[in-house]
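One structure below.
The values are calculated or read from the model by the stated rules, or taken from the named source; none is laboratory data. This structure is a prediction, so every number in the text was calculated from the model and none was measured. Using ideal geometry, Cβ is built from the backbone for each residue, glycine included, and neighbour counts are taken over all protein chains shown. Keep in mind that these areas ignore ligands, DNA and RNA; they rest on the heavy atoms of the full protein, side chains included. Shrake-Rupley method; radii C 1.70, N 1.55, O 1.52, S 1.80 Å.
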Amino acid sequence: DGTLFNTEKVNYHAYNEALKEKGYSIDYTYYSNYCNGRHYNDFLPEIVDNNEKTIEYIHKRKKELYSSYLDKAKINSHLFNIIESLKETYYIGIVTTASKKNTHDILNYFNKLELFFSNSSNSFKSSLSTQSLLYDIIYK
């Protein structure tokens with residue numbers, strides 16, 4: 001989190017809304033200190049008493065709610081300026097732990113989706129894996 005976009009507040013609001021649907025809630029300070037950057041299976045059990053069905057429900061709902069809070073994200077304008085300057089010479093890819101849908105939604109929200117689409121095939125040039133948000137820049 002924080003490479004292309006700082007989505008801490010996006011994730012917080014989506015998780016908190018999903019938690020409230022099940023009768024739980026967390027404040028932003030708690031989320032920032034104990035949840036942000038951790039896998040949901042590592043922090044949700046501490047909040048919902050390790051109830052597996054509730055954990056999976058909250059995780060699923062958080063993903064559904066994510067795009068509702070994209071206005072809370074902060075773009076890394078400096079990094080996108082660098083990417084813009086490189087896009088004619090290099091293929092730009094993205095590696096993230098975020099879902100393909102959420103990645104697509106945030107890039108689209110900030111009008112940056114075209115950086116990761118091939119002009120010739122209109123295919124998404126992303127390599128989504130379980131790594132941190134990183135760039136895979138390949139010389140054309």
Cross-link candidates for Lys87: which lysines have Cα within less than 18 Å, leaving aside residues fewer than 8 places away along the same chain?
Lys112, Lys125, Lys140
Residues Tyr28 and His78, FRET efficiency given R0 of 25 Å [Cβ-Cβ distance, rounded to 0.05]:
0.50
Full extension from Leu86 to Lys112: what is 0.36 nm times the residue separation minus their Cα-Cα distance, to one decimal in nm?
8.0 nm
If you count only protein heavy atoms with a 1.4 Å probe, what accessible area per residue comes out for segment 7-50, rounded to a whole Å²?
54 Å²
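How much length would be gained if the chain were fully extended between Asn50 and Ser99, taking 0.36 nm per residue of separation minus their Cα-Cα distance, in nm to one decimal? Display every interim value, and only then the final one.
Working: separation 49, 0.36 × 49 = 17.64 nm, distance 2.34 nm.
Contour length minus the Cα-Cα distance gives 15.3 nm.
By accessible area of protein heavy atoms, probe 1.4 Å, what ranking do His78, His13, His59 get, highest first?
On the way: His78 145, His13 60, His59 35 Å².
My answer, sorted largest first, is His78, His13, His59.
Return the carbon/sulfur percentage of the accessible area of segment 17-79, one whole number, probe 1.4 Å, all protein chains in place.
Of the solvent-accessible surface of segment 17-79, carbon and sulfur hold 43 percent.
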